[in-house]
Each structure stands twice: as C-alpha cells, then as structure tokens.
1. What number, rounded to the nearest 500 deg cm²/dmol, is the helix-based mean residue ellipticity at 222 nm of the chain, given -39500 (n - 2.57) per DSSP H run of at least four residues and division by all its residues?
2. Just want to confirm a number: the relative contact order over the chain, from Cα pairs under 8 angstrom separated by 6+ residues, in percent.
3. What ranking do 333-343, 239-249, 297-307 get when scored by the average of other Cβ atoms within 10 Å per residue, highest first?
4. Applying the Karplus parametrisation 6.51 cos²θ - 1.76 cosθ + 1.60 with θ = phi - 60° to the phi angles of region 404-415, what ³J(HN,Hα) value in whole Hz is obtained for each residue in order, glycine and proline being reported as x?
5. For region 450-480 and region 352-366, write down the distance between their C-alpha centroids in whole Å.
6. List the residues, sorted by chain then number, that are 5 or more residues from residue 196 or on another chain and whose placed amide H is less than 5 Å from its amide H.
7. Read through the labelled values [x] 50, 25, 21; [y] 36, 25, 21; [z] 41, 29, 19 and report the label of the one computed as semi-axes √(5λ) of the Cα gyration tensor in Å from the structure.
8. Under a Cβ-only charge scheme (Lys and Arg +1, Asp and Glu -1), can you give me the dipole magnitude of region 113-176 about the Cα centre, in debye to the nearest 20?
Amino acid sequence: MNKYIVVNQPENWNFSTGTINVISSQDYLTNPKYALLKNARIFNLCRDYAYQSKGYYVSLLAEARGHLPIPTTKNIVDLKTLKLVRIVSDEFDDEIQKSLKNIKSREFTLSIYFGQNVAQKYKALSAQFYRHFQVPFLRVKFNYNNKWNVQSIKAISESEIPSEHIPSVHEFANQYFAKKRYDTAKVTNYDFDLAILVNPKDPAPPSNAKALKKFVDIAEKMNIYTEIIEPKDLSRLSSFDALFLRQSTEVNNEAYTFARKAQQEGIAIIDYPDAILKCCNKVYMAEALDNANISTPKTVIVHSNNRNSALEKIGLPCVLKAPDSTFSFGVKKAKSKEEFDSLVTDMLKESDLIIAQEFCPSDYDWRIGIIDNKPFYACKYYMAKGHWQIYNWKAKDKLDQDGDADCLAIEDVPKNVIDMAVKASKLMGLGLYGIDIKAIDGKLMVIEINDNPNIDFGVEDEYYGDKVYSDILLALKKRID
C-alpha cells in the first residue's frame with residue numbers, strides 16, 4: 001500500500017520518513033493525480049482539523065477517493081464532541097486513575113505522539129486514547145476533583161511540540177510509519193492484520209480455545225498478524241484490515257455491531273452483517289428456502305391470526321422456534337395441543353412471528369461447511385444422549401450436553417447432500433456457513449443455515465486438519481485483495 005504524509009508545508013517537515021512521500025495539503029486537494037491513486041494510506045498531519053479547513057478536507061476527500069486516511073473525518077468530529085470525550089473517559093477510567101495516581105497537582109496534560117508519550121509510565125494510557133481517536137498528535141488535559149477526569153482533547157500541530165520532546169517524537173515517527181497497523185508498534189511486515197472477535201462469556205462459543213490457537217498459529221505461518229479481541233475493543237477495530245467473528249452472532253449483540261462497523265470502514269469480514277440479519281431470523285430463512293424450492297420440514301410462520309390452524313399442516317409433535325434462536329436456544333418441542341398453545345402464547349409475547357415445523361426425528365444431521373459457495377468440511381452431528389436435538393442444554397452432566405460427531409471427506413458425502421448445501425448457502429451470499437440437512441426416508445431437507453458455524457479443534461477439522469483454518473484465512477485475504 002502506498003503511503004503519503006499530508007502536511008501544510010512539506011518544507012517544514014522535520015521527520016525522517018524513509019520512502020513515504022510527504023506532500024502538501026494543497027497538492028493533495030487540487031492535483032488530479034492524487035484523485036486517481038489506488039491502495040493509498042493518507043496520514044493527515046495538517047496543523048488544523050477545524051470543520052471545512054484544509055485538514056478536514058484532506059480526510060474527507062481521502063475517504064471519497066477510497067484511500068485510508070488517519071485520522072478519518074469521524075475521528076476529527078469525535079474530538080469536538082464533549083459527550084464522546086466523557087464516554088471515552090468512562091470506558092477506560094481504571095487506566096486513567098492508575099496512570100495518574102501519583103501526580104500531586106490538580107491538573108495534568110498528556111501529549112501523545114503517534115500513540116506514545118515520552119514517559120514510559122504513560123504508554124498504556126496514551127495507546128488507549130490513540131485507539132479511540134487515531135490522531136497522530138494529540139493533547140489531553142485532565143483535572144482532579146475526587147478523581148481524575150478528562151477536561152479536553154485536541155489535535156495539535158508539529159509546531160506545538162516542545163523542543164525537548166522532538167528526539168522522542170522522531171523515534172516514534174520512525175516506528176509508526178514502518179508498520180501496517182496503527183495503534184501499537186510492530187516490526188514485522190505482515191500481509192494484513194486480522195482481528196478475531198471472541199466473547200469470554202459466550203455460553204456457546206463457535207470455536208474452542210484450541211481452535212482459536214490454531215487460527216493464530218496458522219495465520220502466523222501465512223504471514224498474517226492476528227490478535228484475539230473482545231467486545232470492549234470496538235474502538236480498536238479500525239486498526240485492523242480484517243475481522244473474523246468467533247462470537248455467537250445475534251442482531252442485538254456486539255458481533256453485529258462489529259460487523260457493521262467493519263463494513264462501514266471497508267474492513268474485510270467473515271461474516272457480513274447481511275448474513276447475520278438473514279441467518280439469525282428463522283422467519284426470513286423459512287421464506288427464502290420456500291421461495292427457492294429447497295425442501296424443508298413442513299413449516300408454518302405462526303402469528304396471532306393463524307395459530308389455531310397451524311397444527312393442521314404440521315401435526316404433532318412439532319418444533320417451535322423463536323426467530324432469532326441460535327445453538328438450540330429458543331427451540332421447543334410441543335407434544336400436545338395444550339403444550340403447543342402454551343408455548344405459542346409465551347413466544348408470541350416476544351415476537352409477532354414465530355416458526356412452527358413438523359418434527360422430523362433422525363439419528364444425525366449433516367453439517368456441511370461452506371466458505372464462499374464452496375464446501376470445505378463435512379460432519380455428521382449425532383443427537384445428544386437421550387435428546388431430540390444436537391444440543392441438550394438441560395443435561396445434568398456437561399458431557400451429555402452435545403452428541404458425538406464424525407468428520408468425513410467431502411467426496412464421501414452423498415452428492416445430493418453437497419448440492420443442496422451449496423444451493424442453500426447461495427441464498428445468503430458469500431460467507432462462512434454451516435448448512436444442516438436431514439435425510440428422512442430418503443428425502444433431504446434443510447433444517448438450518450448457520451452464519452457462524454462451529455470450527456472446533458477435534459471436530460470440524462478432524463478430517464482436513466489445518467486446511468479448514470487456512471481456507472477461511474485465504475477467504476479473508478481474497479476479500480482484501
């Protein structure tokens with residue numbers, strides 16, 4: 001990627017920047033050749049980012065041209081928003097109090113240069129502020145009133161840097177411009193930087209700890225910088241080139257927020273927000289599968305007006321699903337008319353529409369893993385011990401919560417199963433999907449399209465091994481390329 005430093009007066013730029021071009025804001029804004037640049041990263045170090053100033057327009061036009069500016073216009077606007085300043089200070093208040101606890105005065109100013117401070121003891125705090133605002137030269141003022149509070153945050157120009165700080169700033173500049181990700185220094189030049197989103201509190205994580213380690217280890221071999229991030233790290237997302245969701249996905253949880261932000265900022269994603277919206281809603285899925293003439297169990301979209309006639313089509317026992325149920329949460333079985341009425345009444349209190357399906361018992365479900373319309377693993381998931389689902393969250397023994405699994409070669413799976421899985425995945429667009437299929441009396445039926453399927457060490461990778469992980473990483477690389 002081509003890098004350009006944009007300043008008001010290049011002749012006054014005093015920092016060593018190697019092969020990076022230093023150009024004037026006037027030239028960037030008015031010279032047609034810069035509008036035609038591809039794959040450019042723009043470091044906007046203008047002296048002023050005020051609204052409609054040259055500094056403001058450099059970032060604004062960079063975004064319009066498809067360049068990657070630091071800071072973005074959002075970063076610039078954020079600096080002016082007192083409400084956001086307060087939110088920021090609340091978000092890492094512990095770090096603020098810890099870093100400033102030994103200061104005796106009631107006021108303190110922190111100068112941040114390329115995410116660092118001249119004093120090592122403020123390194124962590126400086127990095128936090130940079131991750132939020134992504135402004136190369138930043139000044140934060142604090143005051144003390146029972147505890148330390150952020151009073152103001154502002155961008156500063158090179159001319160405002162004290163002379164005694166200049167040697168350190170030179171060092172920080174060299175570290176900063178030599179790397180690919182822009183929140184902490186990194187020496188190795190990786191092909192791209194990948195964030196893997198994990199929620200430590202996830203009750204049903206889509207990858208176990210050994211699988212996550214596999215992703216990191218294999219990514220390293222593929223020259224991909226990889227970091228495990230958590231929901232609290234949303235402000236850091238823009239420093240990565242790609243995002244891989246390994247947190248359970250719902251429209252109302254952090255995974256969707258991360259995916260949506262990544263999409264807005266042009267970050268490569270698995271999986272896309274649209275996939276989450278579609279796959280997490282059983283009503284959408286039922287309608288889409290029906291319109292595509294893909295066989296499913298007999299299905300009725302139940303609402304208050306048709307609840308009394310639904311059983312005429314699907315019979316008893318039947319399965320009831322909340323629209324946003326995942327990992328068998330929110331999926332119930334009704335064995336009698338009374339149980340059906342009771343469950344439907346409760347579920348319609350939460351959603352105007354729910355799904356009712358005929359009960360199709362089987363010893364196992366096929367799970368076909370699809371990445372960008374290509375099958376890359378195949379499993380048989382067996383029902384949990386003494387239960388009708390793959391997962392039994394009420395099992396007293398954790399070992400009985402889920403059933404066994406067999407992993408097979410793609411070519412050993414019946415061709416019609418693979419064909420149905422690929423056809424179903426195409427309804428959702430490119431992405432990572434797990435297609436669940438039952439075979440009942442020789443008839444195939446799609447049970448589920450999962451946008452965030454399990455990739456667990458010792459299960460989905462049992463046959464193809466490392467290739468399962470590298471296929472996903474290659475798909476992310478292709479998105480970036």
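The values are calculated or read from the model by the stated rules, or taken from the named source; none is laboratory data. None of these values were measured; they are calculated from a predicted model. Please note: Cβ atoms are built from the backbone with ideal geometry, for glycine as well, and neighbour counts cover all protein chains shown. The accessibility values were calculated without ligands, DNA or RNA, using every heavy atom of the protein model including side chains. Shrake-Rupley method; radii C 1.70, N 1.55, O 1.52, S 1.80 Å.
1. Details: 16 runs with 154 residues, N = 481.
The helix-only estimate for the chain comes to -9500 deg cm²/dmol at 222 nm.
2. RCO, the chain: 10 percent.
3. Working: 333-343: 14.6, 239-249: 23.8, 297-307: 16.5.
In descending order of packing, they fall as 239-249, 297-307, 333-343.
4. 6, 9, 10, 10, 10, 6, 3, 5, 8, 8, x, 4
5. 27
6. 227, 228, 229, 244
7. [x]
8. Once rounded to the nearest 20, the dipole reads 380 debye.
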